[in-house]
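A short write-up of the structure that comes next.
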Amino acid sequence: MQLFDMHCDTLYRAYTENSTLFNDSFHISFAKADYIRPYIQCLAVWIPDEYRGERAWELFCGCVSKLREQLAGTDILWCRTADDIRKVCENKGQGIILTVEGGAVLGGELSRIRMLHDEGVRMMTLTWNGRNELGDGIMEKDDLGLSEFGKAAVREMERVGIIVDISHAGEKLFHDTAMTAERPFLASHSNIRAVTPHKRNLTDEQFRKLVSMGSLTGLNFCADFLARENDAGEILQPSGMYDIIKHTGYMLSLGGGKSIAMGADFDGADIPQDIAGIESMDRLHELFEEHFGSEITEDIFFGNAYRFFTENIR
């Protein structure tokens, strides 16, 4: 089985819990993932909303130091270029792409975008759930969209080669980004609101916009973003793998065959009980093949993200 997953918080956990990327009690351990080849995992540095200014930057720097320490002496390739990604695929190896979850890491300084790129970052969400210098996250009550600094940051990210990620973005910020961006942006870990009416999920309009750009939406395994509800808003039953199938089927009905990928949110969310972690991906892969066939399954598990990142990482 091959896998390209666009979001996890395993690096953040390894740093903040003084642990490792090989901890079998985490959702992702690169030891547990050895059966997946090729395997490319986006590792996010999460910037919680209470982290701002220098505190946010120091958190990022600590996570990067942890990453360097963890990769030393391994054959896991830190992918900084499209050729690095191709190399992982050709050698059936394992690779990581460093990302940031939360534009607050910039501390309002555009110059830090170049610094992030120099440190190996290749994708960044503009916000987490709240407000930062770039604009408003999805849980901000008054969604004011992208700030002028946020618009400048989007343009600078595109210039230096960091992919813009709008997971967690407020709806106005999403549309402001669509008006500002000149290159495809993506939603690394977001589901569909029509299937599960959670605010963090995308509207049909947002998803269609991503499809029209040839972009990506990563299926998120967070139990709350998958749960099915009745008309009273009561959860019908605990969510599970079949709810991921339901979201996928709906996204396919909107023409998303080349725009769906994996963004599991391992180690960053409460996931369904029938998913233990990375070791459960082979069973999920089997379910996808049963429902959608091998070609669509391979696109969602690897091919779509491989295409997008090799075309858009610079």
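The values are calculated or read from the model by the stated rules, or taken from the named source; none is laboratory data. Values in this document were obtained by computation on a predicted structure and should not be read as measured data. Glycine gets a Cβ as well: all are built from the backbone with ideal geometry, and neighbour counts include every protein chain shown. Surface accessibility is based on the protein's heavy atoms, side chains included, excluding ligands, DNA and RNA. Shrake-Rupley method; radii C 1.70, N 1.55, O 1.52, S 1.80 Å.
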* Asked: Of the residues in region 251-281, how many are closer than 22 Å to L216 by Cα and within 20 Å of the chain's Cα centre (by Cα)?
  -> 19
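Quick one: in region 117-169, which of the residues that are part of a loop (DSSP other than H, G, I, E, B) and hydrophobic (A, V, I, L, M, F, W, C) is farthest from the chain's Cα centre (by Cα)?
Taking the candidates together, the pick is L144.
This table checks each residue for (1) open to solvent by 10 Å² or more (accessible area, probe 1.4 Å); (2) without any contact (Cβ under 8 Å) to a residue 12 or more places away in the chain.
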{"residue": "H189", "(1), (2)": "no, no"}
{"residue": "R193", "(1), (2)": "yes, yes"}
{"residue": "T196", "(1), (2)": "no, no"}
{"residue": "K199", "(1), (2)": "yes, no"}
{"residue": "Q206", "(1), (2)": "no, no"}
{"residue": "V211", "(1), (2)": "yes, no"}
{"residue": "G214", "(1), (2)": "yes, no"}
{"residue": "G218", "(1), (2)": "no, no"}
{"residue": "C222", "(1), (2)": "yes, no"}
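Residues are listed down the side, and each one gets a yes or a no for (1) of a type in the set (A, V, I, L, M, F, W, C); (2) within 27 Å of D282 (Cβ to Cβ); (3) more than 18 Å from the chain's Cα centre (by Cα):
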{"residue": "I40", "(1), (2), (3)": "yes, yes, no"}
{"residue": "W57", "(1), (2), (3)": "yes, no, yes"}
{"residue": "C63", "(1), (2), (3)": "yes, no, no"}
{"residue": "W78", "(1), (2), (3)": "yes, yes, no"}
* **Residue pairs meeting the criteria (Cβ under 9 Å; at least 6 apart or on separate chains; first in a strand (DSSP E or B), in region 97-111; second acidic (D, E) and surrounded by fewer than 24 Cβ atoms within 10 Å (Cβ to Cβ))** => I97/D84; L98/E119; E101/D9
* Within region 66-85, is there a residue that is of a type in the set (S, T, Y) and either surrounded by 15 or more Cβ atoms within 10 Å (Cβ to Cβ) or free of Cβ contacts under 8 Å to residues at least 24 places away in the same chain (or both)? -> no
* Structure fact -> Restricting attention to region 6-35, the residues that are assigned to a loop (DSSP other than H, G, I, E, B) and more than 19 Å from the chain's Cα centre (by Cα) number exactly 9
* To do: Looking only at region 46-57, decide whether some residue is within 20 Å of L77 (Cα to Cα) and either modelled with pLDDT of 95 or more or open to solvent by less than 50 Å² (accessible area, probe 1.4 Å) (or both).
  => no
* Report yes if I47 is touching a Lys or Arg at 6+ places or on another chain (Cβ under 6 Å) and in contact (Cβ under 8 Å) with a residue 60 or more places away in the chain, otherwise no. => no
* To do: From the list I85, I28, I36, pick out the single residue that is touching an Asp or Glu at 6+ places or on another chain (Cβ under 7 Å), among the β-branched types (V, I, T) and within 24 Å of F308 (Cβ to Cβ).
  => I28
* Could you tell me whether K92 is part of a loop (DSSP other than H, G, I, E, B) and of a type in the set (K, R)? => yes
* To do: For region 281-314, enumerate the residues that are buried (at least 19 other Cβ atoms within 10 Å of the Cβ) and of a type in the set (G, A, S).
  => A305
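Against the definition (among the polar types (S, T, N, Q), in contact with an Asp or Glu (Cβ under 9 Å, 6 or more places away or on another chain) and either open to solvent by 10 Å² or more (accessible area, probe 1.4 Å) or closer than 24 Å to A153 by Cα (or both)), how does Q2 come out, yes or no?
Here the answer is yes, as Q2 does meet what is asked.
How many residues does region 245-280 contain that are in a helix (DSSP H, G or I), open to solvent by less than 10 Å² (accessible area, probe 1.4 Å) and either free of Cβ contacts under 8 Å to residues at least 24 places away in the same chain or closer than 21 Å to T10 by Cα (or both)?
1
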* Residue list for region 182-224, restricted to those being part of a helix (DSSP H, G or I), farther than 22 Å from V100 by Cβ and out of contact with any strand residue (DSSP E or B) (no Cβ under 7 Å at 6 or more places or on another chain) -> D204, E205, R208, K209, V211, S212, A223, D224
* Asked: Looking at (1) in contact with a strand residue (DSSP E or B) (Cβ under 8 Å, 6 or more places away or on another chain); (2) within 21 Å of S259 (Cα to Cα), which is the one condition that is false for S147?
  -> (2)
